[in-house]
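The values are calculated or read from the model by the stated rules, or taken from the named source; none is laboratory data. What you see is a predicted model; the values in this text were computed from it and never measured. Cβ placement follows ideal geometry from the backbone for every residue including glycine, while neighbour counts extend to all protein chains displayed. Quick note on the areas: whole protein, heavy atoms, side chains included, nothing else; ligands and nucleic acids left out. Shrake-Rupley method; radii C 1.70, N 1.55, O 1.52, S 1.80 Å.
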Amino acid sequence: MSEIEKILKIQNVDLMLLLGFNDANLKPVEDCFNASITVRGDKVYLKGELSEIELIEKIFKEMIYVLNTTGKLKPGDVDTILEISLQGKEIISSDEFDDIILYTRKDVIKAKTASQRKYHSKVQKNDICFAIGPAGTGKTYLAVAFAVAAFKKGQVQKIVLARPAVEAGESLGFLPGDFRDKVDPYLRPLYDSLQDMMPPEQLKNLIEKDVIEIVPLAYMRGRTLNNAFVILDEAQNSTSLQMKMFLTRLGPNSKAIITGDITQIDLPSKTTSGLVEIQNILGHVEGVEFIYFEKVDVVRHKLVKDIINAYEKFNSGEVNLIDPK
């Protein structure tokens with residue numbers, strides 16, 4: 001049977017922990033197969049029969065999954081993975097592995113719906129992506145995960161998260177405290193997402209060093225962001241000028257994700273939403289992608305989907321008001 005060659009690129013992992021001290025985790029794999037396995041930098045070069053190469057690739061994926069979800073990998077763990085794999089079983093399928101966006105100490109963050117998988121793919125291939133859809137579809141949470149994953153891989157040196165400080169039924173001027181106290185509630189969802197993905201001390205340190213910034217959209221004016229992953233959340237509440245201002249902040253080697261729900265605009269009635277307008281302006285520009293989420297993509301509590309449906313029926317006149325008696 002003819003031999004083939006394949007190169008595996010190792011991502012989202014500490015290579016020293018994966019291979020073990022003096023390659024202790026690699027040796028059991030080498031002993032199990034006739035195929036040659038050579039590691040150079042972050043690449044694994046495989047040469048051998050197709051059936052063995054496919055199995056070794058699967059074993060490496062399993063090893064990466066175990067290491068990143070438990071924080072450690074020992075030769076005994078590799079032996080278990082080998083035993084399971086040689087029996088034709090698997091800890092995580094290849095499809096699931098490809099859907100993984102970020103490993104955390106508690107779990108993995110991965111795309112769960114077809115739209116989320118498309119989102120993941122488009123963000124990897126394009127420098128500007130717009131994610132538009134209802135609440136609960138993972139638009140913002142996954143955007144933050146994409147940014148943290150890119151930062152951990154060394155693809156960017158900075159993360160900037162921005163939101164318009166637009167009132168939804170109450171005025172900033174009447175809220176207590178200084179300006180920071182007033183805008184913090186608008187930025188809190190971004191902090192919450194980051195806290196799910198990074199150890200508290202590391203997150204605090206990166207924020208103090210301005211490696212991670214969480215700012216009101218107005219603070220973006222006049223800046224150029226190089227080697228950065230930039231997210232604009234709740235973009236339906238940005239004006240046309242603010243949207244243009246945000247998009248023109250991008251410098252070399254930077255990516256941007258813009259998220260929003262065009263059914264929940266809190267701008268004054270005669271003000272055009274930048275997110276609504278930009279779909280016509282950039283809809284056919286190469287390197288810019290629009291991903292649209294639907295109710296079926298809601299991944300929060302199951303009642304969120306029912307609530308969205310109920311509001312749609314009410315607004316369309318399909319349901320009558322209930323008599324308070």
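Being modelled with pLDDT of 90 or more, out of contact with any strand residue (DSSP E or B) (no Cβ under 6 Å at 6 or more places or on another chain) and assigned to a helix (DSSP H, G or I) is a condition met by at least one residue of region 30-41. Looking at Lys74, Lys61, just one residue is under 22 Å from Lys6 (Cβ atoms) and at pLDDT below 90, and that residue is Lys61. Considering the conditions (1) under 22 Å from Glu96 (Cα atoms); (2) without any contact (Cβ under 8 Å) to a residue 24 or more places away in the chain; (3) open to solvent by 70 Å² or more (accessible area, probe 1.4 Å), Glu52 is excluded by exactly one of them, (3).
Taking the options Ser254, Ser269, name whichever one is among the small types (Gly, Ala, Ser) and free of Cβ contacts under 8 Å to residues at least 60 places away in the same chain. Checking each option against the conditions leaves just Ser269.
Total residues in region 185-206 satisfying the condition of being assigned to a helix (DSSP H, G or I), open to solvent by less than 50 Å² (accessible area, probe 1.4 Å) and within 16 Å of Lys152 (Cβ to Cβ): the figure is 5.
Of these, Gly222, Gly274, Gly251, Gly260, which one is open to solvent by less than 30 Å² (accessible area, probe 1.4 Å) and more than 30 Å from Asn309 (Cα to Cα)?
Gly251
You will find that of Thr224, Thr239, Thr248, the residue that is at negative phi and without any contact (Cβ under 8 Å) to a residue 12 or more places away in the chain is Thr248 and no other.
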